[in-house]
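Asker: Take this structure first; my questions come after.
The values are calculated or read from the model by the stated rules, or taken from the named source; none is laboratory data. Because the structure is a prediction, the values reported are computed rather than measured. Don't worry about glycine lacking a Cβ; one is built from the backbone with ideal geometry, like all the others, and counts go over all protein chains shown.
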Amino acid sequence: MFKKNLVEYLLNPKNWWLPLLIIFVISMGGVTLIGVHTYTEAPPIPNFESTQKKKIYSKNDILDGQAIFLKYALMEYGSMFGDGANRGPDFTAEALHLIAAEMKNYYTTNSPNNLTDSFFKYGITEKVKYEIKKNNYQEITNSVELNKAQEFAIIKLENYYLEKFTNPMSKGAFKPAGYITDSVEIKSLTAFIFWGSWVCGVERPGENYSYTHNWPYDKEAGNTPSAAIILWSILGSLGLIIGLGLVLYYYGKLEKIEDETFTKKAPNFMSFKEIELFKPNSVQISTYKFFFTAIILFLIQVLSGILTVHDFVGFVHFFGFNISESLPITVTRSWHVQLSILWISACWIGASFFMMDLVSPNQPKYQIKLINVLFWITILMVGGSVVGLFLGPKGIIGENWYWWGHQGWEYMEPGKIWQILLGIIFILWAIIIYRGVKPVMKIKQPWALPNWLVYATFSIIILLVSGFISTPKTNFVIADFWRWMVVHMWAEAFFEVFTTVLIGYFMVVMGLVNKNAAIRVIYLATLLFLGSGLLGISHNFYWNAKPVFTMALGSVFSTLQVVPLILLTLEAWRFSKLPKVLETSNNIKFTQDKFGFSEVFLFLVAVNFWNFFGAGLMGFIINLPIANYYEHGTYLTVNHGHAALMGVYGNLAIASILFCSQLLIKHNSWNAQLIKLSFWSINIGLLLMVLLDLFPAGIWQFNTVVEKGLWYARSADFIESNGFQTLTWLRIIGGSVFTIGGVIPLTWFIASRITKLKK
């Protein structure tokens, strides 16, 4: 089987099942192992008792507090174990530091010794560290006995959060005032936050580090990097060098063998004339409403982001009234995050239907009706979830918040009813795609392009199931595992595969590459994305109470995620020159005979750039455990998220809209100059947001964590400081270019052309 070298072996489609199966089995085996250990080694939720066995917090109090945390969408304001938003504090880091400080105050106040004695002061500090680290958990009774200093600190913690949510004049007060007013709810919330701080501080049984590997960094609480963090950072770096070396070696050999594979036997590219003469059928025309909806949602998503940023800088009166009172940050950020997923998904659904009809013109009966049904279900889901994300955190729908409002999880915001509806949408999407391409699917050629479209679509559906397992009172650590099973696997594994399939289709239809070359690229990309992306989920579990082997997997495979992105970058130059090369080689002189998708191609080239810069470079600098230890919960994560999500998936989604729209819109209604203006405005604006605010703010915050701890880098003193606020204001420069020059003109163009479609 392996008589020939590895490259030749991989180039033969007959051999493709085995490498893919091996990678998938190993990766899913590793993920399953993480899941098993998540359940067996999750930190307990104990009953906290005083030295007199008096109940301080019961397990039910803590779980009730977790439900309150989710009900009011506080993950869209602050974070827990570093996961969530950055406007407010990381509640675990904040509470851990407050507990340490108040315990120290207790011993200082109640000691008869001479407080000027430096040795004595040092002794108190070390005593506090020891008591925070000491694990008094009794498994038989599911209880933890707290000492008097800890009891004192808890009373102070309860007062702090009561002031934070009820007193608008208090330091670091939640705005708007009156967001949470029920003292019972606030006490339960405090119980949950205290539990989180206990998990971060107390040593895991049998180990000399906490459940979170001593995260967050806080010297006052005794949290400093464990030995495993250093070790696996070194080994992860070595793994990257070895993996990159091997891949680049075989890439070089592939280049020699396949130097002309891309353009050889490729169909003639689509010229301006062919685009003008293209006559869409009814199925293709029916897809435009998805693009119309997507671009409107894109605009709303951007506007909600603008509202969110204005809350950061305290500029909430720009409409003549305090907008945050009606639209608190928990709502606007939820819209901003969730709509980014929904508008991109709408683009992909529409584009996949368009492609489906191109590769299989003889569509089965009732296909248009099914597409229309799917569209209206999508409208219902989007509209319902947007309203629910407002009503839930505002407390308007009471105890129905979980089903109809806001689930409370970042990236999985919509209530369970809307999540179920999303699942129905994805299932119907897959059914339509399968029905549409079934006539051209080739059983004896399982790697044909139509087959890949079906594989990618069904894979996206399967992962959504993970989002239905947890409830508001599932152990937070376990629930967060299932959340990331959806979010990470979509964003960094199967979405990557889907985008590669979609780009491959675009390139073939545009006549830039041949089908076999596209299929080969899709397959190799799938190997690399699944090989690194599935186990790469581990980097999301460094600090949320997973065992040390999870860090080991994350350090190696997360760093390897940069490898396929580097390969894409190596291809970017040749990719960007393809239209010009083909025009030259075919001696094209007349404008009407030249490549007709220049504007679409610009966005596809941008995908390559942001794959390297946003997803690769900005992702790599935060992936190693020792870097992530100090970075987690800072703007460097926000920086990576914006650059990768908008840069890669956003540009591809817009490319999808424009590719299909150019074939649907009358030739004389196409505005190439406006599209180019939008392209440069969107991408330059995004780059300015990264370079003027997100990246420097993240670096500054990172340095502050190293110097003072995460609790301070996320405190109101830091976030509302003049320097940090100035950087946030600078983001408006890039945001203005992005919105005014890019999003608004593009939205107007797509929305206004709904009456200019070919008949």
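A quick yes/no check of all residues on (1) in contact with a strand residue (DSSP E or B) (Cβ under 7 Å, 6 or more places away or on another chain); (2) surrounded by 24 or more Cβ atoms within 10 Å (Cβ to Cβ); (3) of a type in the set (D, E, K, R):
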{"position": "PRO46", "(1), (2), (3)": "yes, no, no"}
{"position": "SER50", "(1), (2), (3)": "yes, no, no"}
{"position": "TYR57", "(1), (2), (3)": "yes, yes, no"}
{"position": "PHE81", "(1), (2), (3)": "no, yes, no"}
{"position": "THR92", "(1), (2), (3)": "yes, yes, no"}
{"position": "THR109", "(1), (2), (3)": "no, no, no"}
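Asker: Among the residues of the range 524-543, are any modelled with pLDDT of 80 or more, not polar (S, T, N, Q) and not in a helix (DSSP H, G or I)?
Answerer: Yes.
Residue-wise test of (1) closer than 26 Å to LYS164 by Cα; (2) loosely packed, with under 15 Cβ neighbours inside 10 Å; (3) not assigned by TED's automatic domain parsing to the domain that holds ASN651.
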{"residue": "ALA697", "(1), (2), (3)": "yes, no, no"}
{"residue": "PHE702", "(1), (2), (3)": "yes, no, no"}
{"residue": "VAL705", "(1), (2), (3)": "yes, no, no"}
{"residue": "TRP711", "(1), (2), (3)": "yes, no, no"}
{"residue": "SER721", "(1), (2), (3)": "yes, yes, no"}
{"residue": "ILE740", "(1), (2), (3)": "no, yes, no"}
{"residue": "LEU746", "(1), (2), (3)": "no, no, no"}
{"residue": "PHE749", "(1), (2), (3)": "no, no, no"}
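Asker: Also: Provide a single number: the residues in the range 699-750 that are in contact with an Asp or Glu (Cβ under 7 Å, 6 or more places away or on another chain) and in a helix (DSSP H, G or I). Give the steps one after another, and end with the answer.
Answerer: As a first pass, look at the range 699-750 and keep what is in contact with an Asp or Glu (Cβ under 7 Å, 6 or more places away or on another chain): 702, 709-711, 714, 727-728, 730-731.
With the extra rule that they be in a helix (DSSP H, G or I), the set shrinks to 702, 710-711, 727-728, 730-731.
Matching residues across the range 699-750 total 7.
Asker: For the condition in a helix (DSSP H, G or I), under 19 Å from THR728 (Cβ atoms) and at pLDDT below 85, what is the one hit in HIS310, HIS317? Reasoning before the result, please.
Answerer: Working: HIS317 fails: in a helix (DSSP H, G or I).
Being in a helix (DSSP H, G or I), under 19 Å from THR728 (Cβ atoms) and at pLDDT below 85 holds for just one of HIS310, HIS317, which is HIS310.
Asker: Okay, next question. For residues that are surrounded by fewer than 24 Cβ atoms within 10 Å (Cβ to Cβ), among the small types (Gly, Ala, Ser) and either closer than 19 Å to ALA448 by Cα or touching a Lys or Arg at 6+ places or on another chain (Cβ under 9 Å) (or both), tally how many sit in the range 522-553.
Answerer: Count: 1.
Asker: Does VAL513 satisfy being without any contact (Cβ under 8 Å) to a residue 60 or more places away in the chain and within 30 Å of PHE272 (Cβ to Cβ)?
Answerer: Details: without any contact (Cβ under 8 Å) to a residue 60 or more places away in the chain: no; within 30 Å of PHE272 (Cβ to Cβ): yes.
In short, no.
Asker: Kindly check whether there is at least one residue in the range 672-680 that is assigned by TED's automatic domain parsing to the domain that holds GLY619, crowded, with 24+ Cβ neighbours inside 10 Å, of a type outside the set (Lys, Arg) and farther than 21 Å from LEU502 by Cα.
Answerer: yes
Asker: Can you name the residue in the range 188-225 that is surrounded by fewer than 21 Cβ atoms within 10 Å (Cβ to Cβ) and polar (S, T, N, Q) and, of all such residues, is nearest to the chain's Cα centre (by Cα)?
Answerer: Within the range 188-225, the match that is nearest to the chain's Cα centre (by Cα) is THR224.
Asker: Okay, moving on. Restrict the check to the range 545-559 and report whether at least one residue is at pLDDT below 80, at positive phi and either of a type in the set (Ser, Thr, Tyr) or in a loop (DSSP other than H, G, I, E, B) (or both).
Answerer: Looking for residues that are at pLDDT below 80, at positive phi and either of a type in the set (Ser, Thr, Tyr) or in a loop (DSSP other than H, G, I, E, B) (or both), one finds none in the range 545-559, hence no.
Asker: Of all helices (runs of 4 or more DSSP H) completely enclosed by the range 606-687, which ones contain at least 3 residues that are out of contact with any Lys or Arg (no Cβ under 9 Å at 6 or more places or on another chain) and closer than 21 Å to LEU730 by Cβ? Explain how you work it out, then say what you get.
Answerer: Values: elements: 625-631, 635-644, 651-664.
Hits in the range 606-687: 635-644.
Asker: Name the helices (runs of 4 or more DSSP H) wholly within the range 78-190 that hold at least 3 residues that are of a type in the set (S, T, N, Q) and modelled with pLDDT under 95? Full working, then the answer.
Answerer: Numbers: elements: 91-109, 118-133, 148-166.
By residue number, 91-109.
Asker: Something else: Within 16 Å of ILE341 (Cα to Cα) and assigned by TED's automatic domain parsing to the domain that holds SER324: is that true of GLY395 in this structure? Even if it seems obvious, please write down each step before you answer.
Answerer: Working: within 16 Å of ILE341 (Cα to Cα): no; assigned by TED's automatic domain parsing to the domain that holds SER324: yes.
Spelling it out, it is not the case that GLY395 is within 16 Å of ILE341 (Cα to Cα) and assigned by TED's automatic domain parsing to the domain that holds SER324.
Asker: Residue under question is ASP693, and the condition is that it be in a helix (DSSP H, G or I) and out of contact with any helix residue (DSSP H, G or I) (no Cβ under 9 Å at 6 or more places or on another chain); does it hold?
Answerer: On the way: in a helix (DSSP H, G or I): yes; out of contact with any helix residue (DSSP H, G or I) (no Cβ under 9 Å at 6 or more places or on another chain): no.
Taking the combined requirement at face value, the residue does not satisfy it.
Asker: Considering the range 484-510 alone, what residues qualify as being β-branched (Val, Ile, Thr) and in contact (Cβ under 8 Å) with a residue 60 or more places away in the chain? Full working, then the answer.
Answerer: Step one: of the range 484-510, the residues β-branched (Val, Ile, Thr) are 486-487, 497, 499-501, 503, 508-509.
Once the filter is applied, which keeps residues that are β-branched (Val, Ile, Thr) and in contact (Cβ under 8 Å) with a residue 60 or more places away in the chain, the range 484-510 yields VAL486, VAL487, THR499, ILE503, VAL508, VAL509.
Asker: Let me ask another. Quick check on my filter: what residues within the range 157-171 are in contact (Cβ under 8 Å) with a residue 24 or more places away in the chain and surrounded by fewer than 16 Cβ atoms within 10 Å (Cβ to Cβ)?
Answerer: Matches in the range 157-171: LYS171 only.
Asker: Let me ask another. Could you list, ordered by first residue, the pairs with Cβ atoms under 6 Å in which the first is in the range 209-236 and over 19 Å from SER715 (Cα atoms) and the second is among the acidic types (Asp, Glu), at least 6 apart or interchain?
Answerer: From the range 209-236, the pairs are SER210/GLU203.
Asker: Residue check: is PHE390 over 22 Å from the mean Cα position of the chain (by Cα) and assigned to a helix (DSSP H, G or I)? Let's see the steps before the verdict.
Answerer: On the way: over 22 Å from the mean Cα position of the chain (by Cα): no; assigned to a helix (DSSP H, G or I): yes.
No: the conditions fail for PHE390.
Asker: Separate question: For THR330, state whether it is assigned to a helix (DSSP H, G or I) and over 24 Å from ALA697 (Cα atoms).
Answerer: On the way: assigned to a helix (DSSP H, G or I): yes; over 24 Å from ALA697 (Cα atoms): no.
Spelling it out, it is not the case that THR330 is assigned to a helix (DSSP H, G or I) and over 24 Å from ALA697 (Cα atoms).
Asker: Name the residues in the range 168-191 that are within 15 Å of PRO89 (Cα to Cα) and aromatic (Phe, Trp, Tyr), would you? Steps first, please.
Answerer: Of the residues in the range 168-191, the ones within 15 Å of PRO89 (Cα to Cα) are 170-175, 189-190.
The answer is PHE174, and nothing else.
Asker: Considering only residues of the range 272-292 that are buried (at least 20 other Cβ atoms within 10 Å of the Cβ) and not hydrophobic (A, V, I, L, M, F, W, C), which is farthest from LEU342 (Cα to Cα)?
Answerer: Among residues in the range 272-292 that are buried (at least 20 other Cβ atoms within 10 Å of the Cβ) and not hydrophobic (A, V, I, L, M, F, W, C), the one farthest from LEU342 (Cα to Cα) is PRO280.
Asker: Only residues that are under 23 Å from THR40 (Cβ atoms) and either crowded, with 18+ Cβ neighbours inside 10 Å or of a type in the set (Gly, Ala, Ser) (or both): list them for the range 136-153, please.
Answerer: Once the filter is applied, which keeps residues that are under 23 Å from THR40 (Cβ atoms) and either crowded, with 18+ Cβ neighbours inside 10 Å or of a type in the set (Gly, Ala, Ser) (or both), the range 136-153 yields SER143, VAL144.
Asker: Could you grab me the full set of residues in the range 384-437 that are more than 20 Å from TYR179 (Cα to Cα) and polar (S, T, N, Q)?
Answerer: Across the range 384-437, the qualifying residues are SER385, GLN419.
Asker: Restricting the range 497-519 to residues that are in a helix (DSSP H, G or I) and out of contact with any helix residue (DSSP H, G or I) (no Cβ under 7 Å at 6 or more places or on another chain), which is surrounded by the most Cβ atoms within 10 Å (Cβ to Cβ)?
Answerer: Applying the first criterion (in a helix (DSSP H, G or I)) to the range 497-519 yields 497-509, 515-519.
If we keep only those that are out of contact with any helix residue (DSSP H, G or I) (no Cβ under 7 Å at 6 or more places or on another chain) as well, we get 516-517.
Numbers: ASN516: 18, ALA517: 21.
Ranking the qualifying residues of the range 497-519, first place goes to ALA517.
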